[in-house]
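These notes are about the structure you will find just below.
Computed from the coordinates by the stated procedures, all read-outs in this text should not be read as laboratory data. All values reported here derive from a predicted model rather than from experimental measurement. Because the Cβ atoms are built from the backbone with ideal geometry, glycine has one as well, and the counts that use them run over all protein chains shown.
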Ligand code: AMP
């Protein structure tokens, strides 16, 4: 049984999904004046949406997850809150995926309250319907079974985290000084259901980054 189901998303899929999302927005008859990307996951979809919807105004807000020490619960906060006047504007807030929905809700509520536009709507490429606290106004794909979508803009970051997690949590590697790549590969497939070669050159790159950070992979 795979522990963390991973789907590797290609650049072509991103373009196709974003184009599909732009069509849904067009078909709804609602026209945004300004797009706001939620950093960092919303950057690429937001930029592509601007292209497909012919929009020139693109801003960004950054959300950050932090753990409340006492409650050990994850909460999203806006990292650099700033104010702009959106009077008379329709604003579309964009992220890659709505998982818990915390991030998009936070950004939407902040923009509505502080920027005072005519209307704020939210869009994401994907919506994990069984988990999310809310349904975005626009989404392209509904996801029923929770999966980690490995988007092309976080290949290296995710891959390093996937490997580091195995080394930290898998009983076979705990308290080990050194781990061979051959052992790691087998366990990686068990954990994530995808193979190192599915990541192309990124696998080698992730291994060398981890070595630089002090991981002993031989
Ligand atoms: P959320 O839980 O909806 O607040 O998600 C916060 C952010 O974490 C999203 O915007 C994504 O960038 C990332 N994220 C959360 N869940 C996933 C997932 N299942 N696959 C890929 N990225 C995710």
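Remarks
- The stretch 1-152 - percent relative contact order, Cα under 8 Å, separation 6 or more: 27
- Whole-number D in µm² s⁻¹ for the chain, Kirkwood Cα-pair radius fed into Stokes-Einstein, 4 °C, 1.567 mPa s: 68
- Sorting the segments 175-185, 32-42, 91-101 by their mean number of nearby beta carbons within 10 angstrom, highest to lowest, gives 91-101, 32-42, 175-185.
- In plain terms, the chain from residue 186 to residue 19 could stretch by 56.4 nm, reckoned as 0.36 nm per residue minus the Cα-Cα distance.
- Placing a label point 7 Å from the Cα of residue 198 along the Cα-to-Cβ line, the residues of the stretch 103-146 whose backbone N sits under 18 Å from it are 143-146.
- Global form of the stretch 6-52, assessed from the alpha-carbon gyration tensor, a/c cut-off 1.5: oblate
- Once the Cα atoms are used to define both axes, helix 43-53 deviates from the longest principal axis of the chain by about 40 degrees.
- C-alpha long axis of helix 11-28 to longest principal axis of the chain, angle in °: 20
- Full extension of the chain segment joining residue 1 with residue 208 gains 71.7 nm, where the gain is 0.36 nm per residue of separation less the Cα-Cα distance.
- Seen against the Cα atoms of the chain and their longest principal axis, helix 181-192 is set at about 40 degrees.
- Counted residue by residue at 0.36 nm each, then reduced by the alpha carbon distance between them, the extension gain from residue 57 to residue 109 reaches 16.7 nm.
- Residue 28-residue 178 FRET efficiency (beta carbon distance; Förster radius 41 Å; 0.05 resolution): 0.15
- Average silhouette area of the stretch 152-212, convex hull of alpha-carbon atoms, in square nanometres: 4.1
- Label-point separation, residue 116 to residue 134 (7 Å along Cα→Cβ), nm: 2.1
- If you plug the beta carbon distance of residue 215 and residue 40 into 1/(1 + (r/R0)^6) with R0 = 25 Å, you get a FRET efficiency near 0.55.
- Pairwise centroid distance, computed over Cα atoms, of the stretch 28-69 with the stretch 113-178, Å: 16
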